[in-house]
Amino acid sequence: IFISYLQQFNRVGRAEHGSVALPGVIRSGSIGTESLSMGTMPSAQQQITMGQMHRGHMPPLRRDPQALMGTINTSMQAVQKAQIDLGEVDDLPPLGQDMASKVWIQNKMDESKHEIHSQVDAITAGTASVVNLTAGDPTDTDYTAVGCAITTISSNLTEMSKGVKLLAALMEDDVGGGNDLMKAARTLAGAVSDLLKAVEPASGEPRQTVLTAAGSIGQASGDLLRQIGENETDERFQDVLMNLAKAVANAAAMLVLKAKNVAQVAEDTVLQNRVIAAATQCALSTSQLVACAKVVSPTISSPVCQEQLIEAGKLVDRSVESCVQACLSATEDGELLKQVSAAASVVSQALGDLLQHVRQYTSRGEPIGRYDQATDTIMTVTESIFTSMGDAGEMVRQARVLAQATSDLVNAMRSDAEAEVDVDNSKKLLAAAKLLADATARMVEAAKGAAAYPENEDQQQRLREAAEGLRVATNAAAQNAIKKKLINRLENAAKQAAAAATQTIAAAQNAAASNKNTAAHQQLVQSCKAVADHIPQLVQGVRGSQAKPEDLSAQLALIIASQNFLQPGSKMVTSAKSSVPTVTDQAAAMQLGQCAKNLATCLAELRTSAQKAHEACGPMEIDSALTAIQTLRSELQDAKQAAASAQLKPLPGESLEKCAQDLGSTSKSVGSSMAQLLTCAAQGNEHYTGIAARETAQALKTLAQAARGVAASTTDPKAAAAMLDSARDVMEGSALLIHEAKQALISPGDAESQQRLAQVAKAVSHSLNNCVNCLPGQKDVDMALKSIGEASKKLLIETIPPASKSFQEAQSELNQTAADLNQSAGEVVHASRGSSSQLAVASGKFSQDFDEFLDAGIEMAGHTQDDQVQVIGNLKNISMASSKLLLAAKSLSVDPAAANAKNLLAAAARAVTDSINQLITLCTQQAPGQKECDNALRELEAVRGMLDNPNEPVSDLSYFDCIESVMENSKTLAESALQMLYAAKEGGGNPKASHTHDAIAEAAQLMKEAVDDIMVTLNEAASEVGMVGGMVESIADAMAKLDEGTPPAPEGSFVDYQTNMVRHSKAIAVTAQEMMTKSVTCPDDLGCLASQVTVDYGQLAVQVGHHSLGHGCIFLVQKAGALQITPSDSFTKRELIECARAVTEKVSLVLSALQAGNKGTQACITAASAVSGIIADLDTTIMFASAGTLNAENDESFADHRENILKTAKALVEDTKMLVSGAASGQDKLAQAAQSSAKTITQLTDVVKLGAASIGSDDPETQVVLINAVKDVAKALAELISATKCAAGKAADDPSMYQLKSAAKVMVTNVTSLLKTVKAVEDEATRGTRALEATIECIKQEMAVRMSPDTHLYVENYSSCALKLVYVAFSFF
């Protein structure tokens, strides 16, 4: 009725665009007209809210409803997925019943409950935020903030579902517990889904639907928390909260009625409308407060939920103030204004009661501490007395206040003593109260003296001293209360920090999809992982301290967990803040920024609380460490009993390899912390001794868990028992060590105490080694070491037995066993990085191969009487190197992350190889034929000295005789022979010395090449003086071979022969033309050219039976020799020119014959030549671009050329298809395809160069990237043309066809890469990435091209390194 009454004052009756900003415009409610009665409030309607969000460091806000729709759709998908996931609980492996298993289960349940609670807190807070933010006019709604709240709800629901599934699986032992929990979670998910549907901007749902859905979320949240036993707010507190909210609503209803009376008497329409608008806003904001209270009531312990409720209360307060001001302006009726003021005071009082109730939640309405106020007063007042020295009057006044405060504290302590059940505690309280009362009496007497003699400084000093004594007594009396208060504060700070960290992790995961900075995202992921690893310890610390409030160990565990949480938490805050600007989704960015800010605040409180709690608790690390170690010993004993009955099960996530590595790495940490413990205890430093004891206990906890995991994962009961026994021995020894360290602190210089410490430490170290040696694989390595030691005793005998085998057999066996041992060493290195079973097998094989190698070495020593001592010495070195290798492998397998462990293992493996090589080298020198090789080497060395001085005569031979002599005594030939002899010497005449065969074959090949080279050189030398008889004879021999009958089987394909024939034929034609020129300009050069014709025809004659060309070449060579003898003979010159023309014509005939039958192949050859020229031109262009001198000729832009590049590139792809199909078709189609591809690549390179030039020389990097991309295309086309030429006419299953297809794929890949480069050339952010992608593709193609049997290893290693380098660079983008 009242809303209708108010609306009649609005002449429009509805909101119009033109009157939105005018005061007094009343908007119609979403559900129509409502009645108003005393004691009730109408449903919340549209309103304008302010101050809801803190937007510091946030990205620009979006006010687009469409953006909110996208957020809602994404969130709805997440909610639907969560509903599906909540269909069944997690599948956990079988868990044991030993103490450690029960502790693990309890810890996991506690962690899951904490996470679920914090996530439900965030869901309800987000719901309240949505309710508040969507209450106003849609045109004024902050959609970014709404999206942030919705994102918070959905992301936390997703994470909550995971925790619920795990907790439900752990609760399955409870009757119906797991099922009820899953049902409650599904109900909450359904309520969230309803809310998301209701707040869609286009849904048209009435406001009441939103409030109903929000209320359902509050109800479902409370049910879920009750299922997990986390409903911290009791029903009484919630009832009080709702009653206080309703009281605010009732008071606001009364204020609205009083405002109505003012509106009725207001004469000014504008002022009347203003009163109506203010009253309506007051009613709406109050309704909003009630709805918010209902939502957050189940999770009111959360600061974010409290903040939402407090913010709603502030809005009510502002609306009440506005209503009062509007009434004051509308009338001067004193009675009406008095009624309005009184009603407003009632609203303010009710609102104050509500907010005070919320703020006092931590004590659930009870006093925070009985001694807190009195203690704080005493500390403050005594400080005032100290600063008031010289003012006796002020000191006496402060003393009176101090006396009252101490009297209150004494009375409280006596009251507590009377109520205390424990007699000892009661006596302690009474004694502390008496000390405090006595100190108070002394202070009162001193105050009387100061009052009687205000000018006497001594009296003032006595009062100061008495106040100091009272301060000390207060601290002593209230110590336990203060300590308890600080621990409670730390518990609360730790809970809030863990919850804030959980929220930040959820926000980081939600923002991952829209984070465009990969490096920032990875850094955030790593920091989140580190924090996630520390949250369980923090939660366990809180639970332990709350469960055992008087347990010093539990308190210390909480303090340590809090201190350890600070560093990773701070790093995550930094990473989250740096990631916010790179998250494109503004709602996700806002959520991440808010969570990071909240976490930073919680960490600051945690840091302060942990520091104060630590100071209050004092040094208790040593006793706590002893208690923790005794607990670990009990758990190991319990685990042994479970293992004996085959009931010991590995915990989820545990495996044999993981636990073994954890044990190995932790054993070193234990040793290090114990060494620190001994040092600090010996120095009498209690503080650092406590820290070392704490670190030792922490390391021992990890060691015990790892030992239990190894025992639970092994299938050998004896091995499991041995592991648990050795670990328990470590715990017993460690406890004794810490106890002795504690005793040593009492008497730091006691020699007997120090001796006991050293003895106990030695025993613990022995126990640690035994524990490590119980790991799988370690015993096998120890057995291998023992086997090597036993075998090596054979080398200690004084006389080596005579050989029983021949030298060649002994050497062959030594080489074989050496190769086996070297291979086994490599297997040990590999196995040390693998599983324990692999190391066991590898070490056993290594020891066996060592035994065989040692026997072969001793057998070989029997053949080397002169160097027997050296052989035995080398064998000893190999034995030592082998033992070091196994020790290094053992160390690495125990702790793979140990510093320098991998380097030590690699060095040990190299030492084994080097020592083996030294022995083989020594034994090889004794092989038959070594002396002969040494004599030949010395003779060749003497001959080489002559060649170093060629001007000195060595005989009386003529010039021509010397040529023949030089052919036999060339320096190059001598060096080749030397090399071959060295290789033969190493081979030792042993056909089984396979490792030397390659070197011998290589030396022989080099010697053959040297002979061929000197023959060519001598022919050229002879031709220089006109002696061409040898050349004519060579050509004639080549022609004669054509008449010998059936030629030998071809070694290559027809295309290879055709290509070679074309090349040699053209070379002959070119040389003939050059000879025509030289016959006139420089006849002395004809000899070299004639020699070149001879060589080219020799290669050509093997492949083409063309006698006519051979005869022409003979005539040409003869005329060249004649002209050299008589350079001025014009007749001979004309004959040579005629012969050269004849040769050119015959070459043309050969080429025509080839081209007539293989037009396509010839076209491929021509196209390949053209592409080679294009590649060379592109290299030149790249050079200009790199130098910054590649510029366009006009003011054109890259966009002017982009379309031409894309069009030409697509045409080239079509040519690629034609080339591939042309290989299987006729020569005509192949020729057409080759010609077309050559033309297209020419066009493509031209247009790309123009495009690169248009970019400008101020950006040379982009120019080079673009030109390199088209260069890669040209290279790929050259390879494709070559593959097409080879595959022409072949069957479909021929290997050359597969090579053709591979080349085509590379071609298409490079064209695609070019297109990507073109499209990204104007995108600054992707240029580096494209360059690296192009480099990777180029390296891969080079790998494919250069892979051959001879270069396989080199190319693979080179390319692998290159790819790794590029991928590392790529990771920085």
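Quick grid of which residues meet (1) surrounded by 18 or more Cβ atoms within 10 Å (Cβ to Cβ); (2) under 33 Å from the mean Cα position of the chain (by Cα); (3) over 28 Å from I482 (Cβ atoms):
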residue	(1), (2), (3)
P581	no, yes, yes
A587	yes, yes, yes
G593	yes, yes, yes
M620	no, no, no
Restricting attention to the range 1093-1110, which residues are open to solvent by 30 Å² or more (accessible area, probe 1.4 Å), assigned to a helix (DSSP H, G or I) and either β-branched (V, I, T) or at pLDDT 85 or above (or both)? V1095
Subset of the range 803-849 [open to solvent by less than 30 Å² (accessible area, probe 1.4 Å), under 20 Å from V894 (Cβ atoms) and of a type in the set (A, V, I, L, M)]: A825, V828, V829, A831, L839, A840, A842
Would you mention how many residues in the range 457-498 are open to solvent by 70 Å² or more (accessible area, probe 1.4 Å) and either touching a Lys or Arg at 6+ places or on another chain (Cβ under 8 Å) or over 30 Å from P549 (Cα atoms) (or both)? 7
Quick check on the range 1117-1134. Is at least one of its residues part of a helix (DSSP H, G or I), touching a Lys or Arg at 6+ places or on another chain (Cβ under 8 Å) and free of Cβ contacts under 8 Å to residues at least 40 places away in the same chain? yes
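Results for (1) outside any helix (DSSP H, G or I); (2) more than 17 Å from I84 (Cα to Cα), shown as yes or no for each residue.
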| residue | (1), (2) |
| --- | --- |
| S161 | no, no |
| K165 | no, no |
| N179 | no, no |
| M182 | no, no |
| A185 | no, no |
| V192 | no, no |
| E205 | yes, yes |
| T212 | no, yes |
Would you confirm whether or not the range 717-728 contains a residue that is exposed (fewer than 14 other Cβ atoms within 10 Å of the Cβ) and either aliphatic (A, V, I, L, M) or free of Cβ contacts under 8 Å to residues at least 24 places away in the same chain (or both)? yes
Does A881 satisfy being of a type in the set (G, A, S), more than 30 Å from T715 (Cβ to Cβ) and either modelled with pLDDT of 85 or more or crowded, with 22+ Cβ neighbours inside 10 Å (or both)? yes
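Out of Q823, Q838, I need the residue that is part of a helix (DSSP H, G or I), within 37 Å of the chain's Cα centre (by Cα) and closer than 16 Å to S915 by Cβ. Which one?
Q823
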Top-ranked residue in the range 1225-1250 [being out of contact with any Lys or Arg (no Cβ under 8 Å at 6 or more places or on another chain) and of a type in the set (A, V, I, L, M, F, W, C); ranked as nearest to N1194 (Cα to Cα)]: L1250
From the residues in the range 233-286 that are under 30 Å from N179 (Cα atoms) and open to solvent by 50 Å² or more (accessible area, probe 1.4 Å), which one is modelled with the lowest pLDDT? D234
Matching residues in the range 868-916 - criterion: being touching a residue at least 40 places away in the same chain (Cβ under 8 Å), over 17 Å from A842 (Cβ atoms) and among the aliphatic types (A, V, I, L, M): V871, I872, L875, I878, A897, A898, I916
State all residues of the range 761-802 that are outside any helix (DSSP H, G or I) and loosely packed, with under 15 Cβ neighbours inside 10 Å; if no residue qualifies, say none. I797, E798, T799, P801, P802
Within the range 1162-1192, work out how many residues are part of a helix (DSSP H, G or I) and touching a residue at least 24 places away in the same chain (Cβ under 8 Å). 19
May I ask you to list the residues in the range 1271-1312 that are farther than 20 Å from A1233 by Cβ and buried (at least 22 other Cβ atoms within 10 Å of the Cβ)? K1271, D1272
Kindly evaluate Q306 against the criterion of being under 30 Å from I116 (Cβ atoms), assigned to a helix (DSSP H, G or I), in contact with a helix residue (DSSP H, G or I) (Cβ under 7 Å, 6 or more places away or on another chain) and modelled with pLDDT under 90. yes
Any idea which of A646, A660, A616 is open to solvent by 60 Å² or more (accessible area, probe 1.4 Å), of a type in the set (A, V, I, L, M, F, W, C) and either at pLDDT below 85 or outside any helix (DSSP H, G or I) (or both)? A646
In the range 506-520, anything in contact (Cβ under 8 Å) with a residue 40 or more places away in the chain, surrounded by fewer than 24 Cβ atoms within 10 Å (Cβ to Cβ) and part of a helix (DSSP H, G or I) is listed as Q509, A513, S514, T518, A519, A520
Number of positions in the range 1185-1210 that are buried (at least 17 other Cβ atoms within 10 Å of the Cβ) and within 40 Å of the chain's Cα centre (by Cα): 5
Residues within the range 194-225 that are more than 27 Å from T139 (Cβ to Cβ) and open to solvent by less than 10 Å² (accessible area, probe 1.4 Å), tallied: 6
Selected residue (only one of A810, A744 is modelled with pLDDT under 85 and either of a type in the set (D, E) or within 30 Å of D851 (Cβ to Cβ) (or both)): A810
I'm checking my understanding of the structure. Among residues of the range 551-572 that are assigned to a helix (DSSP H, G or I) and without any contact (Cβ under 8 Å) to a residue 40 or more places away in the chain, which one is least open to solvent (accessible area, probe 1.4 Å)? A554
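The values are calculated or read from the model by the stated rules, or taken from the named source; none is laboratory data. It should be emphasised that the depicted structure is a prediction, and the values quoted were computed from it without experimental measurement. Methodologically, a virtual Cβ is constructed for each residue, glycine included, from the backbone with ideal geometry; neighbour enumeration extends over all protein chains shown. SASA here: full protein model, heavy atoms, side chains in, ligands and nucleic acids out. Shrake-Rupley method; radii C 1.70, N 1.55, O 1.52, S 1.80 Å.
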